[in-house]
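Written out below as structure tokens is the structure these notes cover.
Bear in mind these aren't lab numbers, they're just calculated from the coordinates by the rules spelled out. The shown structure was predicted, so the numbers you read here are calculated from the model rather than taken from an experiment. In this analysis, Cβ positions are derived from the backbone assuming ideal geometry, glycine residues included, and neighbour counts consider all displayed protein chains.
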Amino acid sequence: MATAPAHAQAQLLDVQALDTRLGQIVYAKAHLPQQERLLQIAQESETLADLLTAAKTNASDISREQTRADGDVQAVRQRIEKDEKMLASGAVPAKDLEALQHELQSLARRQGELEDIELEIMERLDEATTAASRYQAQLEVLAQEQGELGSQVKAQLATLAEEVTAVQAERAQLVAQIPADLMSLYEKIGQDNPTAAALLQHGSCSGCRIALPATDLSHIREVGPDEIIRCDNCRCILVRTSHSGL
Ligand SMILES: [Zn+2]
């Protein structure tokens with residue numbers, strides 16, 4: 001096929017403009033500005049969730065440690081109470097008195113030590129629960145941002161989908177007016193080339209921006225307007241209009 005009506009060739013430029021826009025929409029859908037941040041949020045959330053789990057495990061370990069320490073303190077207190085009651089009862093034989101007083105002294109010392117341990121445990125528990133709450137709060141902030149960005153993405157994708165529908169409808173109307181064999185040549189070129197039809201403008205192919213040799217240009221000036229001309233460089237259909245400056 002070497003010819004097609006010049007006006008149909010010119011319409012290919014409109015089809016090409018719509019196809020270029022469809023390509024831009026595909027690119028835009030894959031490169032939404034929110035996507036990078038959403039990926040970042042997913043990674044940050046994963047790290048925070050791990051930290052949260054570790055902090056909660058740590059807190060529950062310390063909590064068990066605290067229960068044990070409370071039991072130890074309780075046992076020493078009971079022992080002290082029992083010894084003091086015995087002492088107060090006056091029923092302790094004189095020979096055992098010194099040993100009992102000695103035991104009370106060492107129990108008091110032990111109680112002091114255990115209470116220090118309890119305090120240290122409480123501090124660690126406080127740190128672990130504070131860390132857990134902090135991670136939890138950070139996760140909630142990220143989840144909120146993720147939700148907002150997700151809504152934006154959804155809205156943008158819906159807008160782009162609407163545009164695709166409109167562009168496709170416009171394209172179908174145009175294509176219906178173009179001879180089928182010209183259209184199939186266009187589609188065939190378009191399979192390997194993002195630009196299947198381009199305006200010949202001021203001696204250059206506006207698809208690949210390469211200037212045509214003077215001999216080609218003089219040949220083009222001689223042939224009829226229905227002749228189909230292809231760019232030697234990018235293989236697109238070179239469309240001549242009143243803007244071609246021939
Ligand atoms: Zn070209």
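For segment 187-209, the set of residues classified as exposed (fewer than 14 other Cβ atoms within 10 Å of the Cβ) and either among the small types (Gly, Ala, Ser) or within 12 Å of the ligand (Cβ to nearest atom) (or both) consists of 194, 209, listed by residue number.
What residue, among those in segment 210-232 that are closer than 18 Å to residue 13 by Cα and either touching a Lys or Arg at 6+ places or on another chain (Cβ under 8 Å) or among the polar types (S, T, N, Q) (or both), is surrounded by the fewest Cβ atoms within 10 Å (Cβ to Cβ)? So the residue we want is 225.
For residues in segment 183-229 being more than 15 Å from residue 16 (Cα to Cα) and in contact (Cβ under 8 Å) with a residue 40 or more places away in the chain, which is nearest to the chain's Cα centre (by Cα)? Looking at the filtered set, the residue picked out is 201. Say whether the condition of being under 12 Å from residue 16 (Cβ atoms) and either away from the ligand (no atom under 11 Å from the Cβ) or within 48 Å of the chain's Cα centre (by Cα) (or both) is met by at least one residue in segment 230-237. Within segment 230-237, one or more residues are under 12 Å from residue 16 (Cβ atoms) and either away from the ligand (no atom under 11 Å from the Cβ) or within 48 Å of the chain's Cα centre (by Cα) (or both).
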